[in-house]
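Q: Let me begin by handing over the structure; questions about it come next.
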Amino acid sequence: MAKPSRAALLQGTLDLLVLRTLSGGPLHGYAIARHILASSDDVLLVEEGSLYPALYRMEGRGWIRSEWGTSENGRRAKYYRLTPKGRARLRAELGAWQLVQKAIQQVLDHPPEGAPA
Amino acid sequence: MRLTAPAAWLRWTLEPAAELAAVEEDIRRELEFHLRSSEELLIAGGMPAAEASAEARRRFGDFDSVLADCRRIRLQRRIMIQRVNTFLLGLLVVAVAFFLMEAWSSRAEHRQAVADLESRLDRIGTLLSEKQDAGDRRDDTGAPVASRRLAETGDDSRGADGPAGQQRALPAPDPEAVLRRFNAAWPLSSALEIAKELASLSGADALRIMQAIHARIENAEVREMVLEPLVRAHPELALRFLHLGASDASEAVRAAALARISDFALFDFAKDPAAYPAWWARHGGLSTSEVMSSCAAEFATRVGTLQGPALVELLARFQWRTFGSTRQLGLDLGGMLRGAGIGNVLDRLVQSPDGDVRKHAWGLVAQVGGLDEAFLRRNAAPLLRAPDELPHEVATAVYTALAAQRSPWACDLLQDAMLATAPTHPASYFAVATALAKAGDPRAIPRMIGMIAADDSPETIYGIGWFGLTKLTGVPYDESHDGKWWLDWWEKNQDRLPAEVRGQPIPKVDLRKPR
């Protein structure tokens, strides 16, 4: 099977991906970007620069909290972790996403009669 | 988005530079960590260093734009709060500045007012000392020294006069300067102060100035109000001053002046203003005492000849207000009326069959005062045998007339009247107890205590206690001071009273039987 081309991240899903990524534990921004890319087999390309405004916005809303720590290569890095409010937000976002995903799947599984397969 | 120059300046001004720098440094370190980590991974994958750096930056995007976005998001709330704070601070600064300016302005006004007052007090002090020290000393122009000061106060050049109290040769009082001050007086009541200054001059000078300017004072209220201080300061010229008001163009000023003149003339010009010119033609050149003596004689004659409603109206018009206003000026209207023979007229009127005549005649007796013992014994004693049958005004007038005698026999009559007053007539208690207190005879104290001991009703405790005993004993009134309390007080305190009262028994009063 041909490897699918990298797809731009769907508008509005970045928050969900970041929250889901942080649900595994604290990570710095670069690690979050790498995780999303790696977990999606390099399909979901996070525009790396755009990750940071999103992180700051989520921190402003109280979903995540940041603190400086030491990275795996011994450098100072800012780590983000989920807050209780962020966990609640993640649950809500996941529920909504699953609904949409299911709805889309249903549409795809039931084409109108006479339509080409 | 590019900011316009003023917006950039405003932003730069409102955002604290240190806070901004710290936030920016924090973000920059985080973003640079990202770039370096990305670069290292690419190098580890075999990419040359220079190429890896460029690729890392390409993947990252516009570094400065991301930095600016992050900074804006981080500072958004804080900037908003700081802007609100700055706005409030600005408001506070403006408010404080406003209040400081107001306070400064007010302080300056108060200083000016104090300086004006001090200056006025200095002038008044100077005028008084000049009057005392120099008597009628006059300057080269023949004008009294004191009057020069008044003229100076209205003169714009007075600043050159130096400190108050320093003398210099000045022209005679300038009525025009005084007129300018009256016309500039604001608030209007400040005209009274000018009038009082004018009143401190000799009567002749004050009159001369007022005759020159009164009609030209622009405000009618001022024309009315300025006369009274002059009348009070110079009673013998009172009618000359009031004549200015009586000749005024304003009806209100004329009416006020004629009402005042009526009290001296004992003639009601309010009812017959047309009679004034002829009256003035006869009396205008006389002093107030001379006018009053003459008018007192005419009044006694009129009272003796009039009858019915006209008599009642005349007697009712000239009662306590007339006597009070002339007494205030040191003029003895009662003495003048007695000198004019009013006693003989009143002797007849107090026995008039007309109740209204009797009532007002007794009122006049009380105001005239000084009528002899024979008059009062002859006319008052029979009435006081049954005081409750008298009209209240008559009883009060009789009591007042007796109290004015301030003699033991009058006090005895009043005490008999008090004992003859039934407790069902509390108003009589008030009147007779008031008269006894005014008579000031402490011999009334035991009888008053006897009254309260015999009747502990609130009316008696109040009527005798408040109007009589409180004044005679100095004991503050208390509604709990009943007969038992007063009897106890008498036992403990009679030794402090005058000798003629000490040891007197408290009379037993039987309220159920005629006393």
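The values are calculated or read from the model by the stated rules, or taken from the named source; none is laboratory data. These numbers come from a predicted model, not from an experiment. All Cβ positions, glycine included, derive from the backbone under ideal geometry; neighbour counts span all protein chains shown. Each accessible area value is taken on the protein alone, full model and side chains, heavy atoms only, with ligands, DNA and RNA left out. Shrake-Rupley method; radii C 1.70, N 1.55, O 1.52, S 1.80 Å.
Q: Based on this model, can you work out whether residue B:168 counts as of a type outside the set (A, V, I, L, M, F, W, C), modelled with pLDDT of 90 or more and either more than 21 Å from residue B:242 (Cα to Cα) or open to solvent by 20 Å² or more (accessible area, probe 1.4 Å) (or both)?
A: no
Q: Quick one: count up the residues across region B:33-76 that are in contact (Cβ under 8 Å) with a residue 24 or more places away in the chain and under 23 Å from residue A:37 (Cα atoms).
A: Within region B:33-76, residues that are in contact (Cβ under 8 Å) with a residue 24 or more places away in the chain and under 23 Å from residue A:37 (Cα atoms) number 7.
Q: I would also like to ask the following. Can you name the number of the only condition in (1) part of a helix (DSSP H, G or I); (2) within 28 Å of residue A:52 (Cβ to Cβ); (3) away from chain A (no Cβ under 14 Å) that residue B:97 fails?
A: In the conditions (1) part of a helix (DSSP H, G or I); (2) within 28 Å of residue A:52 (Cβ to Cβ); (3) away from chain A (no Cβ under 14 Å), residue B:97 misses (2) alone.
Q: Here's a check for you: in region B:54-67, which residue that is in contact with a helix residue (DSSP H, G or I) (Cβ under 6 Å, 6 or more places away or on another chain), open to solvent by 20 Å² or more (accessible area, probe 1.4 Å) and within 16 Å of residue A:29 (Cβ to Cβ) is farthest from the other protein chains (Cβ to nearest Cβ)?
A: B:59
Q: Let me ask something additional. Could you please find all residues in region B:482-497 being at pLDDT 90 or above and open to solvent by 20 Å² or more (accessible area, probe 1.4 Å)?
A: The answer is B:482, B:484, B:485, B:487, B:488, B:489, B:491, B:492, B:493.
Q: Across region B:236-265, what is the number of residues that are open to solvent by 60 Å² or more (accessible area, probe 1.4 Å) and closer than 21 Å to residue B:290 by Cβ?
A: 3
Every residue, every condition in (1) open to solvent by 60 Å² or more (accessible area, probe 1.4 Å); (2) modelled with pLDDT under 90, yes or no:
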{"residue": "B:10", "(1), (2)": "yes, yes"}
{"residue": "B:22", "(1), (2)": "yes, yes"}
{"residue": "B:36", "(1), (2)": "yes, no"}
{"residue": "B:52", "(1), (2)": "no, no"}
{"residue": "B:69", "(1), (2)": "no, no"}
{"residue": "B:75", "(1), (2)": "no, yes"}
{"residue": "B:106", "(1), (2)": "no, yes"}
{"residue": "B:112", "(1), (2)": "yes, yes"}
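Q: When you scan region B:79-93, do you find a residue that is free of Cβ contacts under 8 Å to residues at least 24 places away in the same chain, more than 21 Å from residue A:76 (Cβ to Cβ) and within 14 Å of chain A (Cβ to nearest Cβ), even just one?
A: Yes: one or more hits.
Q: Going by what's in this entry, would residue B:373 be described as under 33 Å from the mean Cα position of the chain (by Cα), of a type in the set (Asp, Glu) and open to solvent by 50 Å² or more (accessible area, probe 1.4 Å)?
A: no
Q: Here are the criteria: (1) closer than 19 Å to residue B:73 by Cβ; (2) surrounded by fewer than 16 Cβ atoms within 10 Å (Cβ to Cβ); (3) modelled with pLDDT of 90 or more; (4) at the interface with another protein chain (Cβ under 10 Å from one of its Cβ atoms). Tell me which single one residue A:33 does not satisfy.
A: (2)
Q: Among the residues of region B:266-288, write down those that are crowded, with 20+ Cβ neighbours inside 10 Å and either within 22 Å of residue B:199 (Cβ to Cβ) or in contact with a strand residue (DSSP E or B) (Cβ under 7 Å, 6 or more places away or on another chain) (or both).
A: B:288 - this is the single residue of region B:266-288 that is crowded, with 20+ Cβ neighbours inside 10 Å and either within 22 Å of residue B:199 (Cβ to Cβ) or in contact with a strand residue (DSSP E or B) (Cβ under 7 Å, 6 or more places away or on another chain) (or both).
Q: Scan region A:36-47 residue by residue and report those that are out of contact with any strand residue (DSSP E or B) (no Cβ under 9 Å at 6 or more places or on another chain) and open to solvent by less than 20 Å² (accessible area, probe 1.4 Å).
A: A:46
Q: What are the residues in region A:50-99 that are in a loop (DSSP other than H, G, I, E, B), of a type in the set (D, E, K, R) and under 16 Å from residue B:36 (Cβ atoms), if any?
A: A:72, A:75
Q: I need the full set of residues from region B:366-387 which are in a helix (DSSP H, G or I) and of a type in the set (D, E, K, R), in order please.
A: Of everything in region B:366-387, those that are in a helix (DSSP H, G or I) and of a type in the set (D, E, K, R) turn out to be B:373, B:377, B:378.
Q: Same structure, new question: Tally the residues that are open to solvent by 30 Å² or more (accessible area, probe 1.4 Å), touching a Leu at 6+ places or on another chain (Cβ under 9 Å) and part of a helix (DSSP H, G or I), restricting the search to region B:211-234.
A: 9
Q: In region A:54-91, how many residues are open to solvent by 10 Å² or more (accessible area, probe 1.4 Å), within 14 Å of the chain's Cα centre (by Cα) and either without any contact (Cβ under 8 Å) to a residue 12 or more places away in the chain or within 11 Å of chain B (Cβ to nearest Cβ) (or both)?
A: Total satisfying the criteria: 1.
Q: Select from region A:36-49 the residues that are among the aliphatic types (A, V, I, L, M) and either assigned to a helix (DSSP H, G or I) or within 8 Å of chain B (Cβ to nearest Cβ) (or both) and list them in ascending order.
A: Those that are among the aliphatic types (A, V, I, L, M) and either assigned to a helix (DSSP H, G or I) or within 8 Å of chain B (Cβ to nearest Cβ) (or both): A:36, A:37, A:38.
Q: (1) more than 27 Å from residue B:233 (Cα to Cα); (2) in contact (Cβ under 8 Å) with a residue 12 or more places away in the chain; (3) open to solvent by 50 Å² or more (accessible area, probe 1.4 Å): which one isn't true of residue B:320, the others all being true?
A: (1)
Q: What's the total number of residues in region A:13-26 that are exposed (fewer than 10 other Cβ atoms within 10 Å of the Cβ) and at pLDDT below 90?
A: Number satisfying all stated conditions: 0.
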